[in-house]
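Engineer: Here it is, the structure, as C-alpha cells.
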Amino acid sequence: MMMMMEEKKEGEFLTVPPFECAWPKDLKFREAGRGCVAFEAFARNDVTLVFRENVGSQHYHYKRDNSPHYTVILGSHRNRRLKIEVDGKSVVDVEGVGLCSSAFQSYWISIYDGLISIGKGRYPFQNIVFQWLDTNPNCSVRYVGLSSWDKHVGYRNVIVLPLMHQNHLSLWKHVDVGYGGDYIHEECGQEELEDELSAYDKWGLQNFLESWDLSDVSFIVGMEERPVPAHKVILSSSGHFPLTSPDGVIALKGVTYPVLHSLLEYIYKGRTQILESQLASLMILSLEFEVMTLVKQCEEIIQQFKINDKLFDSGKRVELSYPNTSPHCYRAFPFGLAVDKKRLKQLYSSGEYSDVDIYIEGGGLVSQPHKIILSLWSVPFAKMFTNGMSETNSSRVVLRDVSPKAFEGMLDFMYSGEVNLENTMESGAMLLQMLLLSDQFGVTLLHQECCKILLECLSEDTVCPILQAVSSIPSCKLIEETCERNFSMHFDYCTTASIDFIFLEEANFSNIIRHPDLTVTSEEKVLDAILMWGMKAKNAYGWEVVDELMIYSTPELLFGERLESVFNFLSSVRFPIMPLVLLKKLEKSNISRHIPSFDFLVKEAISYVEHGLCEPEFDQNVRFQLRRSSYKELQYLCDGDSNGVLYFAGTSYGQHQWVNPVLAKTITITASSPPSRFTDSKVLASRTYQGTSFAGPRIEDGHSSAWWMVDIGPNHQLMCNYYTLRQDGSRAYNRYWNLQGSLDGKTWTNLRVHENDQTVCKPGQFASWPIIGPNALRPFRFFRVVLTGPTTDVSNPFNICICFLELYGFFH
C-alpha cells in the first residue's frame with residue numbers, strides 16, 4: 001500500500017511510529033458513512049483507528065482534530081479498555097475488553113449510519129465484540145487512518161470492504177433498541193473469544209466421540225467389559241496405540257470407563273474433566289499410549305498438589321485443556337486438539353487406516369483418505385457415510401465433474417487446516433476450483449479462506465475469471481460485488497486487454513456498466529463493450545465493425561438471444577456527453593437504421609448538444625451528466641507542447657498560470673543518483689533547455705541501474721499513451737531503455753521497450769513515442785525512464801542524459 005507518510009515497512013507489515021498516523025490511499029469507503037475495515041494488528045499499547053471525511057496528515061492526531069470524525073481505540077491487555085470518541089469527545093470507555101496483544105490478531109470495524117460495530121477474527125460481520133449507536137450520526141466519514149499512541153503499532157492485511165444489505169441487517173440484529181442510542185456491550189465472558197465460526201459451533205471431531213459411526217477400532221474396559229468405539233486415524237495421530245489387532249479391539253485390564261472416557265474426550269475435544277482421585281490413573285494410561293501433552297498436564301497438577309501438601313478430594317474435578325499454541329484464532333481441526341499434524345499428513349499420504357477410495361469419473365483413483373476426516377469437515381460427506389446411502393457400506397466413492405487437483409487441495413486442507421497453494425500460473429484457477437468445491441461440499445472454513453485469498457489477489461487481470469466463477473455461488477456475494485466494482489474502475493483495460501468479459505452473466509455485466517464508480521476514457525468505449533458482449537465477439541473491435549456487419553445482416557442474427565439485453569444496456573451509454581462529430585456518425589450508421597431505440601438515444605443526444613436542455617428532467621438524468629470518475633484526455637500534439645501531465649500539474653490542473661510543478665510540489669521527480677548541479681529534478685519539468693542533465697547509475701538488487709522517476713501524486717493516475725524526451729547538450733544518446741509504470745513505486749510494468757533505438761542523434765533533440773497495447777489502458781501513479789543498456793558515450797555509458805520529460809494520456 002502506498003502511504004502519504006514515510007512509515008516503516010518490513011515485508012508486508014506496516015509499522016506506525018508513536019503519535020503518527022498512516023493514511024493509505026485505498027482505505028476509503030465506497031459510500032460515505034458506510035463501510036467496513038478488516039485488518040491484523042499487534043501492539044504493546046492501544047491500536048487506534050480514525051474515520052474522517054478527508055485524509056489527514058502524517059502527524060495527524062485525533063486529540064487535535066476539530067473536524068467531524070470517529071476514533072476507535074482498541075485497548076491492550078494492559079489497560080483492557082475500549083474507547084470510542086466522536087469529534088474528540090469520549091462517548092464510550094468500557095473496561096474488561098482487552099483486544100490487542102503483542103502478537104498479530106485479526107479485527108474488523110464497521111460503520112453504518114452511525115452504528116459502529118467492532119469484532120475480532122478474520123471474517124467480518126462475525127463475532128461482534130462491541131456495538132455503539134450514534135443518535136446523531138456522522139454520515140460523511142470515508143477515509144480510514146491507522147494510528148498509534150505512545151508505542152509502535154504494526155498493521156498488515158488491511159482491506160476496506162463494502163457493506164452489503166445482508167451485512168448491515170445482521171449488524172442491526174445485535175442492537176437492543178430498548179437502549180435508545182446508548183452503547184450495547186456484549187460481554188465476552190472470557191479473555192479470548194471461543195470458536196469464531198458459527199458454522200462449526202456444534203460440528204467437529206467432538207461429534208464422533210465414542211460414536212459407532214465410522215468407527216474402526218474399539219476399547220474393552222471395566223469389569224463389565226464395556227465396548228467403547230474410536231477411530232484409528234485419530235488415535236494414531238494423537239499417540240501410540242496398539243492398532244494392529246485383526247479384530248480391531250484394544251482390551252484394557254484394570255482401566256475404568258471414566259478414565260478412558262477422559263483420555264478420549266481430551267483427544268476428540270481438546271479438553272476434559274476428571275475426578276482428582278482418578279488423575280493418577282489418567283496419567284498412567286496417557287503415558288502408556290504416549291499422549292504426552294496430557295501426561296505433562298497431569299504431572300504438573302499432581303506436583304502442585306504435593307507442593308501444597310494437599311490431599312486429593314475424591315469429589316472434586318480437575319479440568320484439563322490442550323495447550324493451543326497455534327497462531328490461528330479459531331479452533332478448527334486439527335488446531336486445539338492433541339493431534340500431531342505431521343503424523344496426520346503421513347497417514348493421509350500413505351493411506352494407512354484408510355477406509356474409503358475416492359475416484360473421479362474419467363480420472364481414476366484420486367485419494368485414499370479417511371471417512372471421519374471428510375465427515376468432520378463436511379456435513380454432506382458425513383450424511384453420505386452415515387445415513388444409509390450406498391457409500392455408507394462401501395469403500396468406493398465416485399465423483400463427477402470434479403477437478404482432481406482441486407479435490408486433492410481440499411483434502412490437503414482437511415488434514416492440515418490450512419490452504420497451501422504453490423505460486424504458479426495455475427494457482428489462481430486452482431483456488432477458484434477449490435472455492436466451488438468447498439461450496440459444493442459445505443466446507444465452510446475453506447470457503448472463507450478461499451474468499452479471503454481471492455480478495456487479496458484481485459486485480460484487473462484476474463477480475464473476469466473470478467467474477468465468472470463466483471457469480472453462481474450465493475455465499476460469494478461480497479466477492480461478486482467487489483469484482484464488479486474493480487471491473488468498473490478499470491473498464492478500459494478489462495474490455496481491451498482480454499475479451500473474457502463477453503462470458504459474464506447478464507446481471508454481472510449490467511451491474512458493471514451501471515456502476516456509479518465506472519471509470520472510462522470515453523463513452524464510445526462503453527458502447528463498444530456492449531456491442532461486443534451482445535455479439536459474443538471473438539476479437540476486440542469497435543462499433544464501426546458492427547456497423548459494417550449490419551449492411552448484410554440484422555440485429556436478430558448478430559445478437560441472437562442477447563438482443564433484448566443489448567437494447568436494455570444501450571440506455572446506460574451516456575450519448576449526450578459524446579462529441580457532436582461522433583454523434584453525427586452514429587446517426588448515419590446502419591446500427592441507428594436497424595435499432596430504433598439506438599436511433600432515438602442518438603438523436604436525443606444531438607438535440608441536447610446543439611440546443612441544450614430540452615426537457616426539465618434532463619438535468620436529473622444521469623445520462624446527461626459527466627461520470628464523476630471520468631478521465632481527462634491530455635493528448636499529444638507535438639514535441640514540447642503544453643498538453644502533457646507535467647504542464648497540466650504546473651497549472652494546478654488548469655487553475656492558474658504555469659509554474660514548475662516540482663517547485664509547486666504537485667509533481668515529484670527523483671533520480672537514481674543523488675541530487676547535484678547536473679542532477680536536478682526541476683530541470684525535467686521546466687520549459688528551458690539544459691546543457692548538462694543526467695542521472696547516474698546506482699546498485700539495485702545487485703545490478704547497476706540509472707533512471708529518472710516521476711510521481712504524479714497520491715490522488716492521481718494516468719493511462720499513458722504517449723511520451724516525450726529531450727536530449728541534453730551531450731552526445732550520450734540513449735539506445736536501450738524502457739518506459740515503465742507502477743502503482744506503488746516498487747513493482748514496475750513495461751509500457752514501451754526500446755532496443756537499439758536510433759531516434760535521438762543530436763544534442764538537444766526532442767523525440768516522442770506512442771504507447772500501444774493493453775498497458776496503455778492501465779492507470780499508474782509512478783513512471784520512470786530506466787536505462788537497460790549502454791549509451792553512445794564510451795566514457796560514461798550508463799548515465800541517462802535527458803533534460804525534459806512529458807507524459808500524455810488519460811488523467812484521473
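Engineer: Could you calculate the FRET efficiency of residue 343 with residue 772 from 1/(1 + (r/R0)^6), where r is the beta carbon distance between them and R0 is 51 Å, rounded to 0.05?
Structural biologist: Working: r = 57 Å, r/R0 = 1.12.
Calculated value: 0.35.
Engineer: While we're on this one: Which FRET efficiency value, to the nearest 0.05, is calculated for residue 756 and residue 700 with the Förster distance at 22 angstrom and r the Cβ-Cβ distance? Kindly include the intermediate steps, with their values, before the conclusion.
Structural biologist: Numbers: r = 23 Å, r/R0 = 1.06.
That gives a FRET efficiency of 0.40.
Engineer: Under 19 Å from the 7 Å Cα→Cβ point of residue 319, by amide nitrogen: which residues of the stretch 259-275?
Structural biologist: From the stretch 259-275, the list is 262-275.
Engineer: Taking the Cα atoms only, what angle lies between the long axis of helix 341-350 and the longest principal axis of the chain, rounded to 10 degrees?
Structural biologist: Approximately 90 degrees, to the nearest 10.
Engineer: Follow-up question, since we're still on this one. Taking the convex hull of the Cα atoms, report for the stretch 632-811 its projected area averaged over all directions, in nm². Could you put the intermediate results ahead of the total?
Structural biologist: On the way: hull surface 38.7 nm².
For the stretch 632-811, the mean projected area of the Cα convex hull comes to 9.7 nm².
Engineer: Using the Karplus curve 6.51 cos²θ - 1.76 cosθ + 1.60 with θ = phi - 60°, what ³J(HN,Hα) values do you get for each residue of the stretch 683-695, in whole Hz, with x for Gly and Pro?
Structural biologist: Karplus values, whole Hz, x for Gly and Pro: 5, 5, 9, 7, 10, 10, 6, 10, x, 10, 8, 8, 10.
Engineer: Please calculate how many Å² of accessible area the chain carries per residue, with a 1.4 Å probe and no DNA, RNA or ligand atoms counted.
Structural biologist: Values: 37070 Å² over 812 residues.
Result: 46 Å² of accessible area for each residue.
Engineer: Oh, and also: List, in the order given, every pair from 342/746; 341/383; 538/746; 665/746; 120/316 whose Cα-Cα distance in the structure shown is over 28 Å. Present the calculation step by step, with values, prior to reporting the outcome.
Structural biologist: Numbers: 342/746 38 Å; 341/383 26 Å; 538/746 35 Å; 665/746 21 Å; 120/316 35 Å.
Listed pairs above 28 Å: 342/746; 538/746; 120/316.
Engineer: How much of the accessible area of the chain, in percent, comes from carbon and sulfur atoms when a 1.4 Å probe is used?
Structural biologist: C and S fraction of accessible area: 50 percent.
Engineer: Also, quick follow-up: Want the number for residue 657 to residue 150: 0.36 nm per residue separation, take away the alpha-carbon distance, what's left? Working shown, then result.
Structural biologist: Values: separation 507, 0.36 × 507 = 182.52 nm, distance 4.47 nm.
So the extension gain works out to 178.0 nm.
Engineer: Then there is this: Taking loop as defined by DSSP and a crowding limit of 10 other beta carbons within 10 Å, which trypsin sites (Lys or Arg not before Pro) in the stretch 476-553 fit?
Structural biologist: Of the trypsin sites (Lys or Arg not before Pro), the ones in loops of the stretch 476-553 whose Cβ has at most 10 other Cβ atoms within 10 Å are 538.
Engineer: What distance in nm lies between label points placed 7 Å from Cα along the C-beta direction at residue 365 and residue 736?
Structural biologist: Using points 7 Å along Cα→Cβ, the separation is 5.5 nm.
Engineer: Given the -39500 (n - 2.57) contribution per DSSP H run of 4+ residues, what per-residue ellipticity at 222 nm results for the chain, rounded to the nearest 500 deg cm²/dmol?
Structural biologist: Details: 25 runs with 227 residues, N = 812.
After summing the helix terms and dividing by the residues of the chain, the value is -8000 deg cm²/dmol.
Engineer: Same structure again: Evaluate the distance, in nm, between pseudo-label points positioned 7 Å from the Cα of residue 665 and of residue 405 along their respective Cα→Cβ axes.
Structural biologist: Reported label-point gap for residue 665 and residue 405 is 5.1 nm.
Engineer: Over the residues of the chain, compute the C-alpha Rg and express it relative to 2.2 N^0.38 Å. Walk me through the numbers on the way to the answer.
Structural biologist: Numbers: Rg = 32.8 Å, N = 812, 2.2 N^0.38 = 28.1 Å.
Its radius of gyration relative to the 2.2 N^0.38 Å reference: 1.17.
Engineer: Mind giving me the FRET efficiency for residue 67 and residue 350? R0 is 56 Å, r the Cβ-Cβ distance, nearest 0.05 is fine. Don't skip to the answer; put the middle values down first.
Structural biologist: Numbers: r = 64 Å, r/R0 = 1.14.
Taking R0 as 56 Å, the efficiency between residue 67 and residue 350 is 0.30.
The values are calculated or read from the model by the stated rules, or taken from the named source; none is laboratory data. What you see is a predicted model, and the numbers here were worked out from it, not measured in a lab. Note that we place each Cβ from the backbone using ideal geometry, even for glycine, and neighbour counts take in every protein chain shown. Side chains included, ligands, DNA and RNA excluded: accessible areas come from the protein's heavy atoms. Shrake-Rupley method; radii C 1.70, N 1.55, O 1.52, S 1.80 Å.
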